[in-house]
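Student: Quick one: the structure is below, questions incoming.
Just so it is clear, none of the values below were taken in a lab; they were calculated from the coordinates. Predicted model only: the values in this text are computed from it and were never measured. Cβ: placed from backbone, ideal geometry, glycine included. Neighbour counts: every protein chain shown.
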C-alpha cells in the first residue's frame, strides 16, 4: 500500500512543480514587459524624449532621431551611473522617472522625491523667479552641490533651511507656490544639469555688501547672479 501511494504522489508533485515554474515564467515576462520600456533597438517618441533630455544635460552628443542606438545606450548608462541607478542601458521605469518621463507603465515618483522637487522648486521660485531659465537651474544646482559637500548638510531640506543660507527662507518666499518653470528647473538640476559649474555660492553683484562673498572664485555669471566656489 505504501508503494502505491508514492506512485500516485510523484505525478502530482511533478505537476505542481511544473505549474509553479509556469507561473514564475509568466511573472518574469510580465516584469520584463513593464521594466524594459526603451532599450537598444527601440524607436519612437519615447526615445526622442530620452535623447532630448540627455542632450540638454550633457550626457548625449548624438542626433535626436528617435533611434536607440549605441550612442543613446552609452548615454543612458552614463546617466544611470551618475544617478545611482543600475547601469544596464535600459530605460526602464526607474530610469524614466529619474529623467522626468512618465508613461502608462510607470508609476508616480516616490513621495520623498516629489517632496524634494517641490521644496527645491520653491527655493528656486523664491530666489530666482526673475532670472533666465538657465540661472534658475543653476540656483537649484548650488543646493545640490552643497548636499554633496562635506561642509554643508547632506539633505536638500537641510541645505535650504540652514540658518542664514537663503534670503527666500528668511523673508518667507520659500512658502510661495512655485511656477512650472521653477519646478522644471528643480527637476533638471536633480537629473544632473549643472550650469553653475560646481558652484556652492551665488550672489547679486549689484546688491551684495558682504566682502567675503566677493573673495570667492567665480565660475559663471548668469543673469543677475554670479556663481562661485
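Student: Arranged by the count of other C-beta atoms within 10 angstrom, fewest first, what order do 139, 220 take?
Tutor: Taking fewest neighbouring Cβ atoms as first place, the list is 220, 139.
Student: Fewest first, what order do 194, 171 take by the number of other Cβ atoms within 10 Å?
Tutor: By the 10 Å Cβ count, ascending, the order reads 171, 194.
Student: Got a sec? How would 63, 215, 42 order by Cβ neighbour count within 10 Å, fewest to most?
Tutor: So the ranking, lowest neighbour count to highest, is 215, 63, 42.
Student: Another question, then. Is segment 133-196 best put as rounded, prolate or oblate by its Cα gyration tensor, with a ≥ b ≥ c the root eigenvalues, rounded for a/c under 1.5, and otherwise prolate when a/b is larger than b/c, oblate when not?
Tutor: Oblate.
Student: Taking a ≥ b ≥ c as the square roots of the eigenvalues of the Cα gyration tensor of segment 156-228, is the shape rounded (a/c under 1.5), prolate (a/b larger than b/c) or oblate?
Tutor: Here segment 156-228 falls in the oblate category.
Student: Across every pair of different alpha-carbon atoms, what Kirkwood hydrodynamic radius in Å does segment 77-197 reach?
Tutor: Answer for segment 77-197: a Kirkwood hydrodynamic radius of 14.9 Å.
Student: Turning to a different aspect of this structure: With just the Cα atoms defining each centre, how far is segment 189-227 from segment 67-85? Give it in Å.
Tutor: What the calculation gives is 30 Å, centre to centre.
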